[in-house]
Amino acid sequence: MNLSTQYAALRASLAFLIVAALATAPARAMVVVKRDFPDLVARSEQIVIGTVTDIHEQLDASGTPFTLVIFSDLTVLKGDVAATLTLRFYGGHAGDVVVGIPDMPVFTLGERDVLFVAGNNRDVCPLVGVWQGRFYVRFDPAMGADVVEDSAHQPVTGLAGRELMRAPAAVARGTTPMTLDDFRSAIADELAHPHATDAAP
């Protein structure tokens, strides 16, 4: 066995051991810094509204699994984005083992989301504040309009200073959700007149 063959075999063995260690280690939640609305807008490299049209898994060169979520029918509110957007999230299948992080957002085909994107293809999660950078869009028949919910499906009801207001699920009935148009307007206002953001990474 020549030196290059030995080196390739060593790299493959190390990659397997890393994936195996991640898979067998106890699942731990990510430590995530709270992000308010100006932080979400300012820290985003792209802000888009899109529909999930494909989800598949892929191993990187080291054998680490990632889940690729493809969004189409895009409305771009910030940054440069092609006709479709592929976001890469850490986690997936490594052989017969499922590797993942409990707090990582999970997507389903056909859902529509507002996404505050940063670190795509660099970070384990390409959303600002992980789950904080993902908002569901759903049609509200009573209002006849699309409305916005946070990652826990709590309706967003408005913006008070730097904070998005939410209605807990238990009292959501009787509240007026924030429409997607109003949410887009709030993003546009923040882009035009940004608040100071926290300097911490």
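The values are calculated or read from the model by the stated rules, or taken from the named source; none is laboratory data. Being a predicted model, the structure only gives us computed values, none of them experimental. Virtual Cβ from ideal backbone geometry, glycine too; neighbours counted across all protein chains shown.
Only one of the listed residues (VAL130, VAL98) is surrounded by fewer than 16 Cβ atoms within 10 Å (Cβ to Cβ), of a type in the set (Val, Ile, Thr) and out of contact with any helix residue (DSSP H, G or I) (no Cβ under 7 Å at 6 or more places or on another chain). That residue is VAL98.
Checked against the criterion of being without any contact (Cβ under 8 Å) to a residue 60 or more places away in the chain and among the basic types (Lys, Arg), the candidates ARG112, ARG88, ARG35 yield just one match: ARG88. Of all residue pairs spaced 6 or more apart or on separate chains, those with beta-carbon atoms under 6 Å, a first member in the stretch 62-82 that is of a type in the set (S, T, N, Q) and a second member that is not in a loop (DSSP other than H, G, I, E, B) are SER62/ALA15; THR67/GLU57; THR67/PHE89; THR67/GLY92; SER72/THR51; SER72/THR53; THR75/ILE49. Hey, among the residues in the stretch 38-61 that are touching a residue at least 24 places away in the same chain (Cβ under 8 Å), over 17 Å from GLY119 (Cβ atoms) and not aliphatic (A, V, I, L, M), which one's surrounded by the most Cβ atoms within 10 Å (Cβ to Cβ)? The qualifying residue surrounded by the most Cβ atoms within 10 Å (Cβ to Cβ) is GLY50. Under the condition of being on the phi > 0 side of the Ramachandran plot and without any contact (Cβ under 8 Å) to a residue 12 or more places away in the chain, the residues counted in the stretch 115-137 number 0.
Can you confirm whether VAL48 is within 18 Å of the chain's Cα centre (by Cα) and either among the polar types (S, T, N, Q) or under 27 Å from ARG35 (Cα atoms) (or both)? So VAL48 fits the description; yes.
Scanning the stretch 167-199 for residues that are surrounded by 17 or more Cβ atoms within 10 Å (Cβ to Cβ) and at pLDDT below 95 yields ALA167, PRO177. Listed here are the strands (runs of 3 or more DSSP E) enclosed by the stretch 21-101 that have at least 1 residues being among the polar types (S, T, N, Q) and at pLDDT 95 or above: 46-59, 65-78, 85-90.
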